[in-house]
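J.: Here it is, the structure in full.
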Amino acid sequence: MTATVSANVIITTACNRHCPSCCYQHLLASRPGHHREPADIVEEVRLLASVPQVCLLGGEPTLHPALHEVLAAVRQVRPSPSVVLVTNGARVCTLPRPTLSLVDRVWLTAFPGVPVEAIREYCPVPVDVHAADHEDFGGGPQPCDRLLTTVSVLDGRVYPCCVACGVADAQSAELRVGWETVIAEVPPPCAHCVFGRA
């Protein structure tokens, strides 16, 4: 069985961009601007104790009105260094530094106009910069190398890859004790994955 090394936990479907290559297009369109309850997010993170790294994202996670509360509560159930904030960077420098200090890293998608160096200087934690354009990780009819190594999590459900909770027909398993065994049997939505679309 493949070891899960990371989990993408969706904390909001609010977003300040409308990227055509977004992995979560369907999710964001079907539930626009939905901020998840902090207690629900923290319970999901708690159930992901076996996963070495948890990434909090959206949508755009910095739009969550209770972001500091979410991060503070997550930090109570996750040891360091294992919490990553994944952002498009538009609002990072508006966040209080104590809020940013609650994560171990910031993963920044470098869209044109995003002040990467200013964000690096402002953040009290390391900032990893990634290109805005997604590469084709394999999607389409062929499974990619991210199956089960990075799962996605939303509303108490765990999905078999990093983007599956954003694919309309994706199957999932209940996020509960023992989910690691169950998720291995859930078929991935490769045929409808955004990375495989023409």
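Laboratory data are not the source of any read-out in this text; all were calculated from the coordinates shown. Here the structure is a predicted model, which means the values were calculated and not measured. Methodologically, a virtual Cβ is constructed for each residue, glycine included, from the backbone with ideal geometry; neighbour enumeration extends over all protein chains shown.
J.: Restricting attention to region 167-189, and to residues there that are hydrophobic (A, V, I, L, M, F, W, C) and in a loop (DSSP other than H, G, I, E, B), which single residue is farthest from C144 (Cα to Cα)? Spell out the reasoning first.
T.: As a first pass, look at region 167-189 and keep what is hydrophobic (A, V, I, L, M, F, W, C): 167-168, 170, 173, 175, 177, 179, 182-184, 186.
Okay, now just the ones that are also in a loop (DSSP other than H, G, I, E, B), so 167-168, 170, 175, 177, 184, 186.
Details: V167: 15, A168: 18, A170: 15, L175: 23, V177: 26, A184: 15, V186: 15 Å.
Filtering first and then ranking leaves V177.
J.: Can you name every one of the helices (runs of 4 or more DSSP H) wholly within region 1-87 that holds 2 or more residues which are within 14 Å of D104 (Cβ to Cβ)?
T.: Values: elements: 25-30, 38-47, 67-77.
Correct list: 67-77.
J.: Could you figure out which of (1) farther than 17 Å from I11 by Cα; (2) surrounded by 20 or more Cβ atoms within 10 Å (Cβ to Cβ); (3) not polar (S, T, N, Q) isn't true of P96?
T.: (2)
J.: Pairs please, first residue from region 80-91 and more than 8 Å from C55 (Cα to Cα), second anywhere and surrounded by fewer than 19 Cβ atoms within 10 Å (Cβ to Cβ) and basic (K, R), Cβ atoms under 9 Å, 6+ apart in sequence or on different chains.
T.: P81/R105; N88/R17; A90/R17
J.: Any chance you could count how many residues in region 22-50 are surrounded by 17 or more Cβ atoms within 10 Å (Cβ to Cβ) and of a type outside the set (D, E, K, R)?
T.: 14
J.: Here is a follow-up. What about V74, is it under 15 Å from V153 (Cβ atoms) and touching a strand residue (DSSP E or B) at 6+ places or on another chain (Cβ under 9 Å)? Walk me through it before giving the result.
T.: Values: under 15 Å from V153 (Cβ atoms): yes; touching a strand residue (DSSP E or B) at 6+ places or on another chain (Cβ under 9 Å): yes.
Yes; evaluated as a whole, the condition is true for this residue.
J.: To continue, here is another question. Would you pick out the residues in region 161-188 that are touching a residue at least 40 places away in the same chain (Cβ under 8 Å) and not hydrophobic (A, V, I, L, M, F, W, C)?
T.: Hits for region 161-188 are G166, R176, E180, T181, P188.
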